[in-house]
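The structure appears right after this line, and notes come after that.
The values are calculated or read from the model by the stated rules, or taken from the named source; none is laboratory data. Because the structure is a prediction, the values reported are computed rather than measured. Cβ sites come from the backbone with ideal geometry, for glycine too, and all protein chains shown count toward neighbours.
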Amino acid sequence: MLRRFRLEEPESVAEVSELLGRFGDSAKIYAGGTELLLAMKEGLVRYERLINVKGVKGLSDVVIDNGTIRIGALCTHRQVETSSALQQKLPALVKLEQNVANVRVRQVGTIGGNLCFAEPHADPGTLLMALGAKMVAEKSSFKREIAAEEFFVDAFETSLEADEVLTEIRIPTPETNSRSAYLKFGYLERPSVGVALALTVNARSISDTKIAVGCAGPAPRRVVEAEALLDGKSTQEAMQNLPAAAVIAGRAAEANSDLHGSQEYKEHIVGVLLKRAFQSLVS
Amino acid sequence: MSKAMSRQHDAQFIPVSFTLNGRSQEIEVEPHELLLDVVRDRLGLTGVKRSCDVEVCGACTLLVDGRPVSACTTLAFEVRGRSVLTIEGLAENGKLHPLQQAFIEHGGFQCGFCTPGMILAAKALLDEMPNPTEDELKHFMHGNLCRCTGYKKIIESIMAAAKKMRSKA
Amino acid sequence: MQFQKEVEISAPREKVWQFIWDVDRFILCVPGCKDAKTIEEGKRYTATMVEKVGPFKVEFPTTIEVIEREELSRIKAQASGADNKIGSRMKVDLDVSLRTQDDKTILGFVAGVDILGKLAALGHGIIKRKADQVLDEFAQAVKQKLEGDS
């Protein structure tokens, strides 16, 4: 049983933002509810009002717009995993979405809701970070873009302001020789370790390397220090630097010991996944 | 709608018109009511089960517009304007659906607790992929857990039903 | 969960000791702590702890009991509280020590923190991180209050 709450059904982003501003902590945005309702059922959070954003139009489209791929925040995981446009442009993201939770969660859970709830053991944020994604945050008449690196602050905490609404995820269209991969590991219900790697393979060297680690720590993190060991190097040199990069990436995950594994174990797995991801992209 | 139901003077009620197993329904629900509770307690259809209560096990699987959802974590008002299928609505005029028949013939259930959810999920699978590979089947059914059978007979049942359904189509 | 912290304070030992017993200022160095009250001077205090991890907020009305006291060098205390809204309890066993090093005072804590109930559903790792953060901020706040005053 859930505690009683009032349902608000606004029809515009401005209205949503206004409601959030007016009711503060006692109100929460409700989309698919796959995380929120669980927390409410557990009694971990209480809200007097839920703001059903599914009535706001225009937030669940996938648009390929010149050099940018735009995914509406209200797109369900299922929409993303079945999008032929995304299969073409971002197959790694489609594969990730196909493997989120289970078919029922994917049916109603939204990618925006997943990012905003910022549960540490989640997949999309990590890959989006390696893809150079920007989150579009709106309130009333003001819009801003937040780089993924700045979006994820801590466990269950994003940099969205209290009355801001995530409306869209913008990903620069990958270049022709650009490749990306997301590998995850876990045997509990939620993933324990996730590693994303994006790079461009040129004739003599690798460029535009981006590495992100997630699930093991409180939030997805970019690992610029490890990227430097691979970026601009020949494939062979990068391979030689891989073990060192793996150690750096492991530490950058900010892993802590819990049921998912000890800190050392998670750091080790981060390294393993990074190596496998790299091998899968350059061979 | 029960008039005996006491109402708080400021309670919010949402009218929900939907189709349940092919029949029109009109009910009123409060925003916080869960679909699982409404289907089991108010509508008396107890095939759908509360099991893990955290969307992991699939025993509460219902089909909404043909797609599987976790009734334990779905607010009841969300089915307004939609069609809902429960296990009770699968057989037509007393004739079992090929999936139900296959589960019987191939031993796809033991205690039966996961079975309504399992069959509904399998229906959604076959509606989407009439000829799934075993990998595709396993991936789709990944979120429906069974403690009794070890899954082998479930897979056999679904594949047998799929074959039957393809030959009829 | 066990934590160990040490902070170096540029202030004499007596001053640090006195500060600890200045309940209104000391307890308020704990982030999220408010409404500190003395029930029995030197023995019993109460305060309210408010902590937040993302959308999850807890409010623990807390009782702090001083169990042992060694003038100018050691305090053993126990804090406990319950948040009935969220169905969780908190217990902290605190061992505070002071020692002099050159002309500075080293303030050390050993804290055993137990969180019971629903809140544990958040995950041991997250709670540990939060508790660690709170203790770190506490140590830094004490240092700043003492050094800032001199």
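A few points about this structure:
- Residues located in the range A:117-133, provided they are in contact with a strand residue (DSSP E or B) (Cβ under 6 Å, 6 or more places away or on another chain) and within 13 Å of chain C (Cβ to nearest Cβ): A:ALA118
- Just so you know, in the range C:86-109 the residues that are among the aliphatic types (A, V, I, L, M) and assigned to a strand (DSSP E or B) include one that is nearest to A:ALA39 (Cα to Cα), and it is C:MET90.
- The range A:149-166: number of residues that are in contact with a Gly (Cβ under 7 Å, 6 or more places away or on another chain), buried (at least 20 other Cβ atoms within 10 Å of the Cβ) and not in a loop (DSSP other than H, G, I, E, B): 2
- Applying a threshold of 8 Å to beta carbon distances and a minimum spacing of six or more residues, or different chains, the list of pairs starting in the range A:115-138 at a residue that is part of a loop (DSSP other than H, G, I, E, B) and ending at one that is crowded, with 24+ Cβ neighbours inside 10 Å and polar (S, T, N, Q) reads A:ALA122/A:ASN114.
- Here is the figure for the range C:122-150: residues that are over 11 Å from the mean Cα position of the chain (by Cα), closer than 22 Å to A:GLN263 by Cα and surrounded by fewer than 15 Cβ atoms within 10 Å (Cβ to Cβ) total 1.
- Lone qualifier among B:MET165, B:MET129 - being over 14 Å from the mean Cα position of the chain (by Cα) and away from every other protein chain (no Cβ under 14 Å): B:MET165
- The residue of the range C:47-58 that is nearest to the other protein chains (Cβ to nearest Cβ), among those that are surrounded by fewer than 17 Cβ atoms within 10 Å (Cβ to Cβ) and within 16 Å of the chain's Cα centre (by Cα), is C:VAL50.
- Checking A:ALA226 against (1) outside any strand (DSSP E or B); (2) at pLDDT 95 or above; (3) more than 27 Å from C:ILE126 (Cβ to Cβ); (4) not aromatic (Phe, Trp, Tyr), the condition it does not meet: (3)
- Of all residue pairs spaced 6 or more apart or on separate chains, those with beta-carbon atoms under 9 Å, a first member in the range B:70-89 that is modelled with pLDDT of 95 or more and a second member that is of a type in the set (Phe, Trp, Tyr) and not in a loop (DSSP other than H, G, I, E, B) are B:LEU75/A:TYR30; B:VAL79/B:PHE18; B:ARG80/B:PHE18; B:GLY81/B:PHE18; B:ARG82/B:PHE18; B:SER83/B:PHE18; B:VAL84/B:PHE18.
- Checked against (1) more than 10 Å from chain A (Cβ to nearest Cβ); (2) touching a helix residue (DSSP H, G or I) at 6+ places or on another chain (Cβ under 6 Å), C:ILE106 passes all but a single condition, namely (2).
- Meets criteria (surrounded by 13 or more Cβ atoms within 10 Å (Cβ to Cβ), of a type in the set (Lys, Arg), over 12 Å from the mean Cα position of the chain (by Cα) and not in a helix (DSSP H, G or I)) for C:LYS15: no
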